[in-house]
1. Using a 10 Å cut-off on Cβ atoms, rank the peptides 8-17, 236-245 from the highest mean neighbour count down.
2. Listed highest first by mean packing, meaning other Cβ atoms within 10 Å per residue, what order do 139-147, 82-90, 35-43 come in?
3. Which cross-chain or sequence-distant (5 or more) residues have an amide H under 5 Å from the amide H of HIS5, H modelled 1.01 Å from N in plane?
4. Compute the signed sum of charges (Lys and Arg +1, Asp and Glu -1) over the other residues within less than 15 Å, Cβ to Cβ, of GLN106.
5. Give me SER194, SER278 ranked fewest to most by other Cβ atoms within 10 Å of their Cβ, as a rough exposure proxy.
6. Please list, in order along region 186-194, the HN-Hα scalar couplings obtained from phi with the Karplus expression 6.51 cos²θ - 1.76 cosθ + 1.60 (θ = phi - 60°), rounded to whole Hz, x for Gly and Pro.
7. Could you estimate the translational diffusion coefficient of the chain from the Stokes-Einstein equation, with Rh from the Kirkwood formula over C-alpha pairs, at 20 °C and 1.002 mPa s, in whole µm²/s?
8. Rounded to the nearest 500 deg cm²/dmol, what is the calculated helix-only ellipticity per residue at 222 nm for the chain, with -39500 (n - 2.57) per DSSP H run of length n ≥ 4?
Amino acid sequence: MLDTHHHLWSYNADDYPWIPANTPLAQNHLLLELKEATSLAGVTGTIAVQARQTTEESASLLKIADQSDLIRGVVGWIPLVSANVDEDLELFSDNPKFVGIRHVLQDEPDAYFLRDDFHRGLSKLPAHDLRYDILLYQYQIPVATKLVDRQPELGMIIDHIAKPKAQKGRVEHEWRSGMKELAKRENILGVKFSGLATEFPKEDEIDPDTIRAYFEETLEIFGVERVMFGTDWPVCLLKLDSYKQWADTVIILTSSLSGDEKDLILEKNGETAYQLKS
């Protein structure tokens, strides 16, 4: 199994103001903790994704990744709007484990998705064989579709199935229609089935039937060759008891598929989308 989405951090409140105090997130989650969690879940490879918008964190993630074959890739952050973006790209893209870039678009206004300087930076990624991770909420899908259309040569991956409103007993129509439109774009290389647990309201329990409904809808919309497994660990611990709980959930969701189809979702789609080296 390849976990296509997790984070690593040495915790302090100043660097991670978005992390709620007195939660399982408010502590170190580094290579040791990752190895313990993945070992229990049967996960044999991972992709570490940025959690801070600093080049220092990108360098730190690569340093950690270089210490272990478990971490097969890093999706980092660089200032794509910077006039010096070429320098940062040259600095990081030399590392074979640097496979993609992400900016936290979910926190940006719609206008940011279409900024010319942002798109100038995005347009440089294909030359470095880098992918772009799209982090957004359901309501941002229309403007994200415009972003995707402006970069037809850039391979992109949708994080957390575009963070739908996870409400018991229903799949959001707005989400479904928007994802169907995104799925028409050939440069959308994959969509991560991750992050859904924490989209349920804080006061609500996770509803297994709703999770299954979103999985089946995602599979129908994008097909078995573009859906990929991710955990969003340790963020998922806000709603789950363990890393293994989500891994087991996805294994159960794929249990009715053929062996080849399971392999695609649990490992091979992520390897292909991020061009992971053996």
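No lab work stands behind these numbers, since they all come straight from the coordinates. Bear in mind the structure is a predicted one, so any value in this text is a computation, not a measurement. As a convention, Cβ positions derive from the backbone with ideal geometry for all residues, glycine included, and neighbour counts pool all protein chains shown.
1. Numbers: 8-17: 12.9, 236-245: 18.3.
Answer by packing, highest mean first, reads 236-245, 8-17.
2. Numbers: 139-147: 18.3, 82-90: 14.1, 35-43: 16.8.
Order by mean packing, descending: 139-147, 35-43, 82-90.
3. Sorted by chain and number, the residues that satisfy this are ILE47, THR231, ASP232.
4. Numbers: positive: ARG52, ARG102, LYS163, LYS165, LYS192; negative: ASP107, GLU108, ASP110, ASP133, ASP159, GLU199, ASP232.
In short, -2.
5. Details: SER194 25, SER278 4.
Result, fewest neighbours first: SER278, SER194.
6. Going residue by residue, I get 5, 7, 7, 7, x, 9, 8, 7, 7 Hz, with x marking Gly and Pro.
7. Taking Rh from Cα pairs, D becomes 114 µm²/s.
8. Values: 11 runs with 99 residues, N = 278.
Value at 222 nm, helices only, nearest 500: -10000 deg cm²/dmol.
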